[in-house]
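The values are calculated or read from the model by the stated rules, or taken from the named source; none is laboratory data. Only a predicted model underlies this, so the values are computations on that prediction, with no experimental measurement involved. Using ideal geometry, Cβ is built from the backbone for each residue, glycine included, and neighbour counts are taken over all protein chains shown.
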C-alpha cells in the first residue's frame, strides 16, 4: 500500500516528488507529505487527504532543493491525519518514509522513550526514524546505520531516509515491501513503483529482500542483508509513459474497462500460434513439469481469488485433476496437506501482495512439484520467487477496483489450463475449440462494451438501493462474486453473491421488492436450473435484473428486467459476462458521486497483511 518517491539531483526535485506521488496515489490517499533538504536543513510539509492538498500547500509555501523524499499514505497505525502523515522525523536531521508494518514497534517505542526520544505520531514508522537516529551514534555513515536499524525491525518495510548532516545521499531498505531505484543523467530516484518515475527515467533496478542501498548523484552502493556489496545491472522498462493518463475517459476505471479487447489480444499474442497454445512461452522445462502434475493448488486474494475459482471449473472439467483454491491470508497460517505431484500457483496483479507472497515462500518447503505465478508485473517479487511465470500483459492498472487485470488473469489461466492439458495429452479437438473461443473473445467483449449506454440507463434502478444480491451457477458463480465485490468497492452499496442453488438454504429470507437481485444467465447446461431459481425470487416479490444470453429465452415480465448478452462460447462466457457487471458497478458509483478510482479505505497494491 502507500507510495514512496525519493530523488537526488542537481536540479530542484520538488515537482518530481509531487508528480511521482500523483502517479502513486492509487496505492494510498489518506495523507501525503514531502521533506526536502534546503539551505542546510530539512523542510517538511504534510497534509491530510489527497496529494492535491499537499500540492496546494506547496504552492502557498514552496520548498526547493536537490534532495528529497515524499509519501502518500494508506493508514495502518494511527488515524489518517497530518501528524501521522509521512515523512516522519527524528530530531531535526533525520527524515524517513516507510511502507509496510513494523510488528515490534511497541517494544521499540518503549526502548526509545527510555532513551529520551519523544514521539509526535501514533505510527509505527516514527520508530524507524528514531532507531536510525540512535544507530548514527555508533556508525559513521547513514548506510551502515540503516543496515543496523533493519536488524532490529520485525515485519515488512520499504523505507527511504535522508540526513541533513549527510545531504549528498539518501538510503533505502527493503523487506517485504517493494522498492525500485531509477537512474537519470547525474541523478537518481527511488520509488515503490516504477510508474512514479517514468517522466524522468526508464532505467531501473529492483531491490531484493533484505537489501539496503546508498543512493547518490554519482551512483549507488547496494548491499545484501549481511552487508556484502552487490552488483546489479539497470533494466530498461517498456511501460508506456501515458499509462497513468485517463485520456478522454472520465475515470481510469472506465478507461481500463474499455481497454479489455486490446488487453485480451495482447495477452494472447505469441501464445496462440497456428491455432494452438504455445506451451514454450511459459519457460524452460515447463512441459516436463506439467506432465507430472496430478493436482493444482491456487492461492490468491480478492479479485484474483475469484479468477482462481473460475479456473477451478476449467481444470476439473477438462484436465480431470483436483484444483484446490484458497485465500492466501488463510493458507499461510494453517497446516496444509499437499497432494503428491501438485503444482503451486499464485495469482496477483502486482506480484507484491503480502499474503500471497508469504504463501509462496511457505510453499517452497512443502513438497510441491514447482511454483508458477500469474502476474501483471514482470519485475515483481512473485515473478522472481517462482519457478515459472505467466505474465498477463494487462498494462498499468490505476483504478483501485480491478477490471482489465481480472479479465487478463482469466485468459491467462485458461491458457495455462490448456498448456498443462497438452503436456498431459489433451485431445487436439478440445484444444481447437478452446482456441477458437479465445480468438473470438476480443470481439465478444467489444460487443458487450457497445452496450455501455444501455447499462448506464439500467444503473438508475440501483442508485438509491442499500443492498444488492448477485446470483450465478457453475463458472458464473465466481463472476457473481466478482460483480458483488465491484459494486461494494466503488458504490459502497452492500452486495452479496450466492450460488443460485443456495437460495433456499437461507438467502431467500432477504428477498423483497427493495433489494435488486442480479442474475448471470448464460445459455449453458445449468440454465434450466437457474430459471427455477429466478422464479423462486420472482414469486416472493423480488426485483430481478437478469443478464441473459439472447438464446436463453428469458423474457421481461413483472419483476424481471432482462439485459441481453451475446456470448457464443461457453468456456469464455465468464470473461464476456464480467464486462456488463463492471459497467453496472461503474455507472451506479458515478450516479452516487463516489470516488470511483480511489474508493474510501482501499488501496491498489496490498503489501501489508
(request) State which residue is nearest to residue 100 (Cα to Cα) when the search covers only region 200-214 and only residues that are assigned to a strand (DSSP E or B) and touching a helix residue (DSSP H, G or I) at 6+ places or on another chain (Cβ under 7 Å). (result) 212
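Out of 101, 45, 69, 94, which single residue is without any contact (Cβ under 8 Å) to a residue 24 or more places away in the chain, assigned by the TED database to the domain that holds residue 189, within 26 Å of residue 193 (Cα to Cα) and surrounded by 18 or more Cβ atoms within 10 Å (Cβ to Cβ)?
On the way: 101 fails: without any contact (Cβ under 8 Å) to a residue 24 or more places away in the chain; 69 fails: without any contact (Cβ under 8 Å) to a residue 24 or more places away in the chain; 94 fails: without any contact (Cβ under 8 Å) to a residue 24 or more places away in the chain.
After applying the criteria, what remains is 45.
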(request) Go through (1) within 22 Å of residue 170 (Cα to Cα); (2) in contact with a helix residue (DSSP H, G or I) (Cβ under 7 Å, 6 or more places away or on another chain); (3) without any contact (Cβ under 8 Å) to a residue 60 or more places away in the chain one by one and return the number of the condition residue 108 breaks. (result) (1)
(request) Would you confirm whether any residue within region 365-374 is within 21 Å of residue 485 (Cβ to Cβ), within 16 Å of the chain's Cα centre (by Cα) and in a helix (DSSP H, G or I)? (result) no
(message) On the basis of being at pLDDT 90 or above and either touching a strand residue (DSSP E or B) at 6+ places or on another chain (Cβ under 9 Å) or crowded, with 21+ Cβ neighbours inside 10 Å (or both), does residue 37 make the cut?
(response) yes
(request) Mind telling me which of the residues 96, 58, 54, 17 ends up being over 21 Å from the mean Cα position of the chain (by Cα) and more than 28 Å from residue 246 (Cα to Cα)? (result) 96
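Take the residues in region 326-346 that are in a helix (DSSP H, G or I) and free of Cβ contacts under 8 Å to residues at least 60 places away in the same chain; name whichever of them is surrounded by the most Cβ atoms within 10 Å (Cβ to Cβ). Break it down into steps so the answer makes sense when it comes.
Taking region 326-346 and keeping what is in a helix (DSSP H, G or I), we get 328-331.
Okay, now just the ones that are also free of Cβ contacts under 8 Å to residues at least 60 places away in the same chain, so 328, 330-331.
Values: 328: 28, 330: 12, 331: 21.
That would be 328.
Only one residue in 284, 226 is assigned by the TED database to the domain that holds residue 215, without any contact (Cβ under 8 Å) to a residue 24 or more places away in the chain and either within 24 Å of the chain's Cα centre (by Cα) or part of a loop (DSSP other than H, G, I, E, B) (or both), so which one is that?
Values: 284 fails: assigned by the TED database to the domain that holds residue 215.
Going through 284, 226 in turn, the sole match is 226.
Looking at 588, 596, which one is under 30 Å from residue 3 (Cα atoms) and outside any loop (DSSP other than H, G, I, E, B)?
Details: 596 fails: outside any loop (DSSP other than H, G, I, E, B).
Residue meeting the stated conditions: 588.
When region 319-334 is examined, which residues are found to be at pLDDT 95 or above and out of contact with any helix residue (DSSP H, G or I) (no Cβ under 6 Å at 6 or more places or on another chain)? Let's see the steps before the verdict.
So in region 319-334, the residues at pLDDT 95 or above come out as 319-327.
320, 321, 322, 324, 326 - these are the residues of region 319-334 that are at pLDDT 95 or above and out of contact with any helix residue (DSSP H, G or I) (no Cβ under 6 Å at 6 or more places or on another chain).
Please verify whether residue 64 is crowded, with 22+ Cβ neighbours inside 10 Å, modelled with pLDDT of 90 or more and assigned by the TED database to the domain that holds residue 150, treating the condition exactly as stated. If you could, list the steps in order and put the result at the bottom.
Numbers: crowded, with 22+ Cβ neighbours inside 10 Å: no; modelled with pLDDT of 90 or more: yes; assigned by the TED database to the domain that holds residue 150: yes.
No.
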(message) Taking the condition of being surrounded by fewer than 22 Cβ atoms within 10 Å (Cβ to Cβ), under 18 Å from residue 108 (Cα atoms) and in contact with a helix residue (DSSP H, G or I) (Cβ under 6 Å, 6 or more places away or on another chain), how many residues in region 138-151 meet it?
(response) 1
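Does region 490-504 hold any residues that are over 20 Å from residue 531 (Cα atoms) and buried (at least 24 other Cβ atoms within 10 Å of the Cβ), and which are they?
Initially, region 490-504 is screened for residues over 20 Å from residue 531 (Cα atoms), giving 490-495.
If the condition is that a residue be over 20 Å from residue 531 (Cα atoms) and buried (at least 24 other Cβ atoms within 10 Å of the Cβ), then 490, 491, 495 are the ones that fit.
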(message) Of all residues being under 30 Å from residue 428 (Cα atoms) and in a strand (DSSP E or B) in region 229-280, which is modelled with the lowest pLDDT? Just the residue, please.
(response) 273
(request) Given the conditions (1) in contact with a helix residue (DSSP H, G or I) (Cβ under 9 Å, 6 or more places away or on another chain); (2) in contact (Cβ under 8 Å) with a residue 24 or more places away in the chain, report the number of the one that residue 131 does not fulfil. (result) (2)
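Which of the helices (runs of 4 or more DSSP H) contained wholly in region 410-507 include at least 2 residues that are free of Cβ contacts under 8 Å to residues at least 24 places away in the same chain, within 27 Å of the chain's Cα centre (by Cα) and under 25 Å from residue 392 (Cβ atoms)? Talk me through it step by step, then tell me what you get.
Working: elements: 428-449, 452-458, 477-491.
By residue number, 477-491.
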